[in-house]
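Inspection log for the structure reproduced underneath, given as structure tokens.
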Amino acid sequence: MLTYVLKRVLQSALVLLVVGLVAFSMFQFVGDPIDNMLGQERTDADIARLRTELGLDQPFPVQYYKFLENAVQGDFGVSYRQGRPVAEILVERAPATLELAAVSGFLAISIGIGLGVLTAIRKDGFLANAIMSLSLIGVSLPTFLIGILLIYLFSVELGWLPAFGRGDVVHIGWWSTGLLTGSGLKAIILPAITLGLYQMTLIMRLVRSEMLEVLRQDYVRFARARGLKDRTVNFRHALKNTLVPVITVTGLQLGSIIAFAIITETVFQWPGVGLLFINAVQFVDIPVMAAYLMLISVMFVGINLIVDLLYFAIDPRLRTDGKGAH
Amino acid sequence: MSDQSSTAPQSRLAKALDSDFVYSFRRSPVAVVSFIVVMLLVLSAVFAPLIAPHDPFDPGSLDLMNGFTAPMAPNDFTGDVFWLGTDDQGRDVFSTILYGMRVSLFVGLAAVSFAMVLGITLGLVAGYVGGWVETLIMRAADVQLTFPSILVAMLIFGIAKGVIPIQHHDQMAIWVLIIAIGLSDWVQFARVVRGATLVEKDKEYVQAARMMGRGRGIIMLRHILPNVLSPVLVIATISLALAIIAEATLSFLGVGAPPTQPSLGTLIRIGQDFLFSGEWWIILFPSATLLALALSVNLLGDWLRDALNPRLQ
Amino acid sequence: MKHLVSAAVLAAVCAAPVAAEEFKWAGTTDPQTMDPHAVNSAPVLGFLNNVYEGLVRRGKDMSIEPALATSWEPIGEGEGWRFHLREGVTFHDGSTFDAEDVLFSYERASNEVSDTRSWFAPVSEVKIVDSKTVDIMTSAPNPIFPDSIANWMIVDKGWAEANNAALPDKENGNYATLNANGTGAFMVTEREPDLRTQLKPFDGWWGEATHNITVAEFTPIQNSATAVAALLSGEVDMINPVPIQDAQRLQGQDGVQVIQGIEARVIMLGFAQEADVLKYGADAGKPNPFQDARVREAVSKAVNVDAILKTIMRGNAEPASQLVSPAMRGYSAANMDRPTYDPEGAKALLAEAGYADGFAFGLKCPNNRYLNDEAVCQAVTAMLAKVGISAQLDAMPVSNYWPELRADNFDMYLLGWSPGTFDAEHPIRFLAHTPNSEKKLGSWNFGGYSNAKIDEMLPMIQSEIDDGKRQMMLDESAAILQAETAYVPMYVQPLVWGARDNVSLTQRPDNFFILRWVSLQ
């Protein structure tokens, strides 16, 4: 057991190193930050001086090594664009993304499970079929387009909900929350729907297929044969057994919600880490890009690691196996 | 989204294609309609040069003064009439959609094929060979999942810019898209194929083949692969829809098809600029086309999943 | 301090109208620093003009007017300028403004690490005469010096030194990156970079406030469609810019107004003129046709600027004939005609130059730098195709664009130029003079255009005190550049701002938004 865990943790660390290396080799292709940092009256000498100061004249393995050296000490450098420590910026921006992810995750799970159960119970009903088909519209349009259409409808035409931003936020320690103010709550609705729609469809379809599977199992049939009420059978027995794979998948999806918040945050000007990242890409703000990518990697690799270890704990037969089959 | 319910490949593709399959298709009006829509769209994309009244990819044929013509209304300056109007460059929206759909479908199909070949190969190898090879591949999958596809696209774009001679940069964008989308999709295939391979490789027929002294490659290709094809087919269909949408998203973020040879996604990105200014047709028609295409492919994939999953029949 | 559940929040919740004196505005870019000497870019300088002040400032019509200096006069025969400083001016933190601060700000702004250093290239020395008089000596007569320092903002010496911000630090940031202490009409009260910046009127300002703002808040919104939506829904009172295509529609909406003007920026096409061969397209490797002035002239005749202005620019821009717009000092009225659209003439010129069958080349273009830049390049590609030369368009984000231009990776390219000094000498120095990194001249002349006469005239223009003689030389330069088609100036970029109906404001051609000219009804 211990060797397995150790091996797995070591592998994860290696994955992180590779991610960092790939990320760093990429930065030299994203563009040149120098032009964004100097005005139009800069001279060639200014360009050369700034490049040396930022260490951009070094070969990229050297830059990478320096980044790693500092990163393990918790120092992610200073943003080229804002001139502030990256760690400080990330801490400031993280609550917005986490709140958005949590709310859209909650919406996706609650509505997804509800509709999934409904479509499974009324397997061939008209309503269930309609929901199944309609839900596909949500995954057949690009996220950015859904966001723009929602803004057009609810902000511009109807004027019900704000078009951008987080509304007013309340600071509790270092955490900032928009969930305690009216304008904050209103502001999160559209982005949360935009971001959660895809996951909702996913969960709904997963619940439906798992539920159909379970409903065919013998013990459910017995339960019915014993004369238990449909409601009891459906929820007490069937749904409960459906939830294990649903929770696993949702856990994995939470990571991708945060990663894919980039687009939603761009459309709604949501001040989270995704927007920070897109701004950083446009400005070629290398320290911010590097820190964001490492953060996302740590999250993904962490979630993967936890899932694998959980599987290992539950089912020791899966010596080297993890995801995919369950 | 399908790897959860279709990991156990209990049906063979051959079996799937027998009359049960066809019967189930004809019984499902949704499947029939989706199929017809997909075929219509694919055919009109393939035959775009014959159907389209204009060639939007030929810059010399465009008249800027035709820009922003509303559908079915004569242009203020030139008097020309266009079915679905024109965009900001004076391009006929109808023709541009047909040509744009070619680009989108080509990118989608090529990306999925690329992802499929890569994913199946790596999945088979990982599942069958095991050991450090498997570890390497599956950790590579983790790395892959970490990178949002926009980053992969930029990375490949940058490398390509360094490697490919500068004269060919404009044709490059499409291939960059294909590789970027393909790379972000292979993990799904690999995971499913690996899972299925793990199940299959200990079955008696594989062990028998091994006893007969068949090589690893033959066993993987001839014995295991056919058994994992039906989930792969389902994933491929849904991935196609995802790839077309991913292309649109990348174009929105500015790393997609070039505006002189637009895809549906590029058209939507361009049209988005005119949503408030009243030129609704520039965004509406390409969006509707994209929706029709992706939705019907998704519906087909959905039906295919149920049809190929014997447990649900 | 950050508990913002205030009256404003309650008002928003109850959907009641926001208090009239609270003003919210949005732009595409957040000023990346509050340090007036760290970054020489329009978003930073424009924003900080509300907070900091220079010795002189620009009025509503761009003319130079007194600010921290009440008057100035040349010293001797052009050895420098003497500035008389305003009495009774205090910084936001209460300390007094005097000559020490001017000298300190000169040293700070002209330091090697400051992005504003180039403004002080003509300066040889700054001398304190007394606490309210400063002499700025120049190495050669410099008639436009006061014009060129309108954005040189004065920082309090004591404050900067006490906070370890004696020099700007672009790489690591310092106290002045996040905090501001100017003499301007507004002071920064809250600053969350990239999210919001709050300003409040400075009670101790020396001038008379003409605005009625009590709190102003700036929010960056990159996506222009989102910004339009925010303006329409009343979440913000003003946005800059309004996408050109939305101007007309917005104008017709209730409660919203559109403010239009002409920016100082001229959009032009540039050519690789030094390169011996083409780099892109089917003819890559063949001799470079753009070395021939006739081919360049053919391009200028083939581009239908009127059509671009009517459709892509929606009638909001003015055609340009030279490197500066008519609003700039030194504009050459003698050369105000631009070549007419003449595809047949273009074909004839191409035939004359030996390109009757046309040729193929590469056109580089940014896609997020100027208004509708990519669409304009597409249209240019189509127009050139009509006279038989086929451009392969490569549009890219600006962070990739400048490195490409610096590496000479283009045959033709798109460039916008806004003269920082609002004077016609500026583009000659940066775009027309033969590139010379030692003398720091021609640093944006990517194509390597070179003309000995232009090079010879530039220093003469720079030091000529007589306006008439100076203008004659500027006219001659403009004529040479036009005759040789050094560039193809196309149009002056429009300025389009949007605001709620109850806002009255002034739009200045440098695209600076000056809060003290805002009033709310």
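At-a-glance table
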quantity	calculated
Average partner coverage of A:151-158, which counts Cβ from other chains inside 10 Å	4
Segment C:160-191 versus segment B:240-280: alpha-carbon centroid distance in Å	42 Å
Charge-dipole axis of segment B:20-312 as Lys and Arg at +1 and Asp and Glu at -1 on Cβ define it, positive-most pick from B:Ile244, B:Gln144, B:Tyr99	B:Gln144
³J(HN,Hα), Karplus 6.51/-1.76/1.60, whole Hz, each residue of segment B:60-77, x for Gly, Pro	x, 8, 8, 10, 4, 5, 7, x, 6, 6, 6, x, 6, 10, x, 5, 4, 9
Charge dipole magnitude, Cβ of K and R +1, D and E -1 - chain A, Cα centre, debye nearest 20	1920 debye
Packing-based order for B:181-187, A:171-177, B:275-281, using average beta carbon neighbours within 10 Å, highest first	B:181-187, B:275-281, A:171-177
10 Å Cβ neighbours from other chains, averaged over peptide A:74-87	4
Segment B:167-313, relative contact order [Cα under 8 Å, separation at least 6], %	23 percent
Cα-based shape type of chain C, given that a ≥ b ≥ c are square roots of the gyration tensor eigenvalues and the cut on a/c is 1.5	oblate
DSSP bridge orientation in chain C - percent antiparallel, rounded to nearest 5	75 percent
Inter-part distance where segment A:30-57 and segment C:480-507 are each reduced to a Cα centre, Å	28 Å
Distant-in-sequence amide H partners of C:Ala353 (H built 1.01 Å from N, under 5 Å)	none
Estimated vicinal HN-Hα couplings, Hz - segment A:186-193 in sequence order (Karplus 6.51, -1.76, 1.60; Gly, Pro = x)	5, 5, 7, 4, 5, x, 5, 5
Placed amide H near C:Phe23: partners under 5 Å, 5+ positions off or other chain	C:Thr214, C:Val215, C:Ala216, C:Glu217
Percent antiparallel among DSSP beta bridges (both partners in the protein assembly as shown, rounded to 5)	75 percent
When the protein assembly as shown is reduced to its Cα atoms, the Kirkwood hydrodynamic radius in Å	32.2 Å
Sequence-distant residues sharing a close amide H with C:Glu263 (under 5 Å, placed H)	C:Gln493, C:Leu495
10 Å Cβ neighbours from other chains, averaged over peptide B:81-91	2
Between segment A:116-138 and segment C:316-376, the Cα center-to-center distance that results, in Å	59 Å
Ellipsoid semi-axes in whole angstrom, largest first, where each is sqrt(5λ) of the Cα gyration tensor of segment A:86-282	37, 18, 15
Sequence-separation-based contact order of chain C, relative, with Cα cut under 8 Å and 6+ spacing, percent	19 percent
Farthest positive-ward along segment A:86-282 dipole, Cα basis, beta-carbon charges - from A:Ile131, A:Val267, A:Phe235	A:Phe235
Hz values of 3J(HN,Hα) by residue in segment A:293-309 - Karplus curve (6.51, -1.76, 1.60), Gly and Pro given as x	4, 5, 4, 4, 5, 4, 5, 4, 4, x, 4, 4, 4, 4, 4, 4, 5
Magnitude of the charge dipole, segment C:310-361, Cβ model with Lys/Arg +1 and Asp/Glu -1, debye to 20	340 debye
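Any read-out appearing in this document is the output of simple, stated calculations on the displayed coordinates, not a laboratory observation. Please read all numbers here as calculations on a predicted model, not as lab measurements. FYI the Cβ positions are ideal-geometry reconstructions off the backbone, even for glycines, and counts take in every protein chain you see.
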